[in-house]
Structures are given as structure tokens and as C-alpha cells.
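Take a look at the structure set out below.
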Amino acid sequence: MAVTTSPDASDALAEGTVDAVVIGGGAAGLNGALILARSRRSVVVIDGGSPRNAPADAVHGLLALDGTPPSEILRLGREQVRQYGGRVVSGEVVSAEPAAPSADGDLRFTVTLADGRRITARRVLVATGLKDVLPEVPGLAKHWGHSVVHCPYCHGWEVRDEPIGILATGPASVGPALLFRQLTEDLTYFTHGTDLDEDSRARFAARGIRVIDTPVTEVVNDEDGALAGVRLADGQVVARRVLGVVPQMQARTQGLEGLGLPVQDLPTGRTFASGPAGTTEVPGVWVAGNATDPVAQVGASAAAGALAGIEINKMLAIADTDAALQRIAEASPKAATG
């Protein structure tokens, strides 16, 4: 039975111990919760309300939902989780940590919200996503998710045939430049103080990609406020309608320090480390989505959440069975002497 009739409202925080708490209400978290709720697990999603793709007009490359606004996908996701009895609670997690195990030895975790509310869960799925840290170029952030984009698969078709510039942030910008070249004949690569080796320069030249080594000082807008180009340190303005940027991608880790999850440093940023199906080195805790895979699109993040949900349900089933066997063993001597 659904907990609430409005897909955009916040449910009451569940009392007692729930099977799983999902920290993060994006595609990964909601799909993990959906799997668990459909398995008749009590599950609560804690949603901070700041999805990474909020600036974008639509999600692309997602079968059957291509072109759907991100907010609509999340609305439908919350509605479907609730359809199976899952709860979606608005709130910011300020701490999450292991708690004393149950009487039968099963794991327990305590999650505390900014307003002081607490919930106890047997298992935890971390799906907090990440934040994109853009280069500190004046005017750049204003266009993020529209004329300033990071992914040729998420935004490429929409910017095809435009004059595109790649604002380099490091070696990780070279590969995307070749992908954006597939979308336009007019591509300029701004090294912006980063190194570009001779082999990459030769490959760019072979594909007709112009390279500019003079640093970019600001983004220039036209009279309507649309992105019109970039100004270089020498004062020259290079006309561009779109900028491709590979930002530093930092997993949202605030409030989760008490879980002791290991992190990994990647060329594009820092994320939580995880294994197959989102397993981590911390028993009882899984990670899914951009919090561990920074390049995962919405579909891949949702799939990762589903795999984690399946694994969590399996481990809960094993724990339930172990507890049942323990109860039988404890009751047997009494039965024999009764």
C-alpha cells in the first residue's frame, strides 16, 4: 500500500528498524529502493533534493524516456517506489554509522538527519551522487547544463553543428574532444594552461581540431545573454556557441564519514570505491550510481541501483534464514526437556 498520495510530498520517517535505508533519491537510489520494495522489504529513501542533472532540460540516451525532463523521471520514480510501500523522505543526512547489532547478531546502522530525526536500518545503500566542480572561469557556471556541457552522449545531438569549444581541464579532456568532433566540423580545443602532448596535437590536426594555448579569462555572452564565445588573456574573443568541459567530479560524502567507506582518486575526481553490484569493504553497506561511477548516465545509474538492491535483498534473506535457524537451535533443548 502506498504511504502517501502525492509523489512530491515527503513521507514520515519510519519507526523501528527498517530493512534498508537508501541515502540519495536519484536514479540509482530510487531503482535500488524499487527492487527492495517489490521484494517486500521495508525501505526508506532519504532525498536531499539536489540532483546532479537538475540544470539540464532533459535526459537523453535513455531508452523509452529520451527527452524526458529529469524532474519528471524522479517524480515517476518516487511514485513507483511508494506504490510498493517504500517511503521517500526529504532531508539531509548529517551522520550515518554502525550501531549495536541485533540480539541475533544482525547488522544495524543509525542514520541521523539535519533536523535531528533518526532511523535504524539493517542495511545501507549510498546513492548520494556527486557534484561537478567547474573551472573558475567567470561566466562559465551560468551556462552549465545548457551551453556548457560535459557529455557528448547526454547533450551531443542537441549541440550538433554548432561552433563548439573544449575548455581543457587536463588529460581527461582529450578523449571527449574527439567525441565532440563527431558532432561538429567547427571544434576548437583551449588548452587553458594544461599540457597537450605532440601526439594529441597531431591527432587533433588530422581531424581539423584547432588548438589555442592562450588561457581563457572569461565567457562572453551576446546581448540576449546566450553564450557567444570566450575571451583570451590577450584580449581576443573566440566565437563559440557551446563549451565542452570535463569538470572535477566529487562524490557527495558529507555526513557519511562514520561509515568508513574507502574512496578512490580518479583522473576526473574522487568517488567511493566499490566492487561488483555495489559491494564495499564495509559489511552491510553498498554504493551505486555516480557516487562510485562518475561517468554513469541515468540508465547506468538506475541499473547499478537495481543490482545493489538485488544483492541487498539476497543478503537480508540469508540473514533472515540464519536467524530462523538460530531460533530453532535455541528452542530445541527446551523442547527436549518439556
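The values are calculated or read from the model by the stated rules, or taken from the named source; none is laboratory data. Remember, predicted model here, so these are calculated numbers, not experimental data. Reconstructed Cβ throughout: ideal geometry from the backbone, glycine too, with neighbour counts over all protein chains shown. Just the protein is used for accessible areas: all its heavy atoms, side chains included, with ligands, DNA and RNA removed. Shrake-Rupley method; radii C 1.70, N 1.55, O 1.52, S 1.80 Å.
Brief remarks on what is shown
- If the condition is being open to solvent by 20 Å² or more (accessible area, probe 1.4 Å) and either closer than 15 Å to residue 240 by Cα or not charged (D, E, K, R) (or both), then the range 187-215 contributes 192, 193, 194, 202, 205, 206, 208, 210, 211, 214, 215.
- Of everything listed in (1) within 27 Å of residue 40 (Cβ to Cβ); (2) touching a residue at least 12 places away in the same chain (Cβ under 8 Å); (3) outside any loop (DSSP other than H, G, I, E, B), the single unmet condition for residue 314 is (2).
- Counting the residues of the range 219-261 that are assigned to a strand (DSSP E or B), crowded, with 19+ Cβ neighbours inside 10 Å and of a type in the set (Val, Ile, Thr) gives 4.
Yes/no per residue for (1) under 18 Å from residue 134 (Cα atoms); (2) among the charged types (D, E, K, R); (3) touching a Phe, Trp or Tyr at 6+ places or on another chain (Cβ under 7 Å):
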residue	(1), (2), (3)
174	yes, no, no
179	no, no, no
193	yes, no, no
203	no, yes, no
215	yes, no, no
234	no, yes, no
244	yes, no, yes
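- From the list 100, 121, the one residue that fits, being crowded, with 21+ Cβ neighbours inside 10 Å and under 21 Å from residue 286 (Cα atoms), is 121.
- Criterion (farther than 30 Å from residue 13 by Cβ and either at pLDDT 95 or above or not aliphatic (A, V, I, L, M) (or both)) met by exactly one of 119, 164: 164
- Filter pass, residue 3 being at pLDDT below 95 and not basic (Lys, Arg): yes
- Looking across the range 5-37, the residues that are surrounded by fewer than 17 Cβ atoms within 10 Å (Cβ to Cβ) and out of contact with any Ser or Thr (no Cβ under 9 Å at 6 or more places or on another chain) come down to 5, 6, 8, 15.
- Checked against (1) surrounded by 16 or more Cβ atoms within 10 Å (Cβ to Cβ); (2) touching a helix residue (DSSP H, G or I) at 6+ places or on another chain (Cβ under 9 Å), residue 267 passes all but a single condition, namely (1).
- Restricting the first member to the range 67-90 and to residues that are touching a residue at least 40 places away in the same chain (Cβ under 8 Å), and the second to residues that are open to solvent by less than 30 Å² (accessible area, probe 1.4 Å) and of a type in the set (Lys, Arg), the beta-carbon pairs closer than 9 Å and six or more apart or on different chains are 88/82.
- Unmet requirement for residue 313, which otherwise passes all of (1) out of contact with any helix residue (DSSP H, G or I) (no Cβ under 9 Å at 6 or more places or on another chain); (2) crowded, with 17+ Cβ neighbours inside 10 Å: (1)
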